[in-house]
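> One structure coming up, written as structure tokens, with questions to follow.
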Amino acid sequence: MRKRQLQIGVMGSCTDIVHSEELLKLAEEVGFLIAQNKASLLIGAEKDIDSLSQAACRGAKKAGGLVIGVTYGKGLDVREKNIDAVIATGLERGGGREFVLVNSCDAVITINGGSGTLTEMAIAYQANIPIVALAQSGGWSERLAGTFLDERRRIKVLGARSAKEAVEKVIILVKNKKSC
């Protein structure tokens, strides 16, 4: 019997929040390393704008990885053409797609992030899904790295300073969670 691949989500800002080329390359490196570790990449698939998650997709595809995009609304047309499979939730952006995306992940890595990424981090926190935030990438990832989201102290948002460290931490967290 074949073992299911780890499903790692990468969440980050759309490019309507200005990013440096360095941040896009960081996201691409995260995706590349996820694929190199034989894990599937899950992302929010946008219909109309590029994102850091889609940059991770391009990195994963360079390493021969599998990418699943979860999109809002109806229809399977998305901006990023390197996605292997698209799941259309029928739900709006910011109105439910995030639940489907996050709950389909064994763990998530966040890069930068605006309100959508914050929502995804809160959903992962509530569901006890491990979160690793790239601590120097700005946005909510930088603000929440190393913290708990509330006094319940469910899971700590772990910080990472590089793509390699983020992927290594996520894989260890998932393996430790499965062995409990």
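The values are calculated or read from the model by the stated rules, or taken from the named source; none is laboratory data. As the structure is a prediction and not an experimental result, all values here were calculated from the model. Cβ placement follows ideal geometry from the backbone for every residue including glycine, while neighbour counts extend to all protein chains displayed.
> State whether the residues of the range 128-137 include one that is part of a helix (DSSP H, G or I), buried (at least 19 other Cβ atoms within 10 Å of the Cβ) and more than 12 Å from the chain's Cα centre (by Cα). Give the derivation first.
If we filter the range 128-137 for residues that are part of a helix (DSSP H, G or I), which is where we start, we get none.
No, every residue in the range 128-137 fails to be part of a helix (DSSP H, G or I), buried (at least 19 other Cβ atoms within 10 Å of the Cβ) and more than 12 Å from the chain's Cα centre (by Cα).
> Then there's this: Which residue is surrounded by the fewest Cβ atoms within 10 Å (Cβ to Cβ), if the candidates are limited to the range 33-53 and must be touching a residue at least 60 places away in the same chain (Cβ under 8 Å) and outside any strand (DSSP E or B)? Step through it out loud before you land on a result.
Residues of the range 33-53 that are touching a residue at least 60 places away in the same chain (Cβ under 8 Å), as a first pass: 33-34, 37, 39, 42, 44, 52.
Now restrict to residues that are outside any strand (DSSP E or B): 33-34, 37, 39, 52.
Details: LEU33: 26, ILE34: 31, ASN37: 16, ALA39: 22, LEU52: 32.
Restricting to residues being touching a residue at least 60 places away in the same chain (Cβ under 8 Å) and outside any strand (DSSP E or B), the top hit is ASN37.
> Examine the range 141-160 for a residue that is assigned to a loop (DSSP other than H, G, I, E, B) and of a type in the set (Ser, Thr, Tyr), and state whether such a residue exists. Explain how you work it out, then say what you get.
Looking only at the range 141-160, we keep the residues that are assigned to a loop (DSSP other than H, G, I, E, B), and these are 145-146, 148-156.
Then drop every residue that is not of a type in the set (Ser, Thr, Tyr), which leaves none.
No - not one qualifying residue is present in the range 141-160.
> Between a first residue in the range 10-32 that is touching a residue at least 40 places away in the same chain (Cβ under 8 Å) and under 15 Å from GLU80 (Cβ atoms) and a second residue that is among the acidic types (Asp, Glu) and surrounded by 19 or more Cβ atoms within 10 Å (Cβ to Cβ), which pairs have beta carbons less than 6 Å apart while being 6 or more apart in sequence or on different chains?
MET11/GLU120
> Answer yes or no: is there a residue in the range 54-71 that is without any contact (Cβ under 8 Å) to a residue 40 or more places away in the chain, crowded, with 24+ Cβ neighbours inside 10 Å and over 24 Å from ALA166 (Cα atoms).
Yes, that holds for at least one residue.
> Let me ask something additional. Within the range 82-98, how many residues turn out to be surrounded by fewer than 21 Cβ atoms within 10 Å (Cβ to Cβ) and either of a type in the set (S, T, N, Q) or modelled with pLDDT of 95 or more (or both)? Give the steps one after another, and end with the answer.
Within the range 82-98, the subset surrounded by fewer than 21 Cβ atoms within 10 Å (Cβ to Cβ) is 82, 84-96.
Filter once more, so that each one left must be either of a type in the set (S, T, N, Q) or modelled with pLDDT of 95 or more (or both): 82, 84-89.
Selection size over the range 82-98: 7.
> What number of residues in the range 149-166 are surrounded by 18 or more Cβ atoms within 10 Å (Cβ to Cβ) and over 25 Å from ALA60 (Cβ atoms)?
Looking only at the range 149-166, we keep the residues that are surrounded by 18 or more Cβ atoms within 10 Å (Cβ to Cβ), and these are 149, 155, 157-160, 163, 166.
With the extra rule that they be over 25 Å from ALA60 (Cβ atoms), the set shrinks to 149.
Qualifying residue count for the region: 1.
> Looking at (1) within 21 Å of ALA160 (Cβ to Cβ); (2) assigned to a helix (DSSP H, G or I); (3) in contact with a Gly (Cβ under 9 Å, 6 or more places away or on another chain), which is the one condition that is false for GLU22?
The failed condition is (3).
> Which pairs do you get when a residue that is at positive phi and free of Cβ contacts under 8 Å to residues at least 24 places away in the same chain, found in the range 140-167, comes within reach of a residue that is surrounded by 19 or more Cβ atoms within 10 Å (Cβ to Cβ) and not aromatic (Phe, Trp, Tyr), reach meaning Cβ atoms under 8 angstrom, with the pair 6+ apart or on two chains?
Within 8 Å, the pairs are GLY146/ALA135; GLY146/VAL157; GLY146/LEU158; GLY146/GLY159.
> Can you give me the number of residues within the range 39-54 that are small (Gly, Ala, Ser) and within 14 Å of ILE17 (Cα to Cα)?
Step one: of the range 39-54, the residues small (Gly, Ala, Ser) are 39-40, 44-45, 51, 53.
Still in the list and also within 14 Å of ILE17 (Cα to Cα): 51, 53.
The qualifying residues number 2.
> Among the residues of the range 10-19, count how many are crowded, with 23+ Cβ neighbours inside 10 Å and part of a strand (DSSP E or B).
Our first condition is that a residue be crowded, with 23+ Cβ neighbours inside 10 Å; within the range 10-19, this holds for 10-13, 19.
Narrowing the set further to residues that are part of a strand (DSSP E or B) leaves 10-12.
Number of matching residues: 3.
> Okay, next question. Residues in the range 90-104: is at least one aliphatic (A, V, I, L, M), on the phi < 0 side of the Ramachandran plot and part of a loop (DSSP other than H, G, I, E, B)?
Our first condition is that a residue be aliphatic (A, V, I, L, M); within the range 90-104, this holds for 91, 100-102.
Now drop any that are not on the phi < 0 side of the Ramachandran plot, which leaves 91, 100-102.
Right, trim to part of a loop (DSSP other than H, G, I, E, B) and you get 91.
Checked the range 90-104: at least one residue is aliphatic (A, V, I, L, M), on the phi < 0 side of the Ramachandran plot and part of a loop (DSSP other than H, G, I, E, B).
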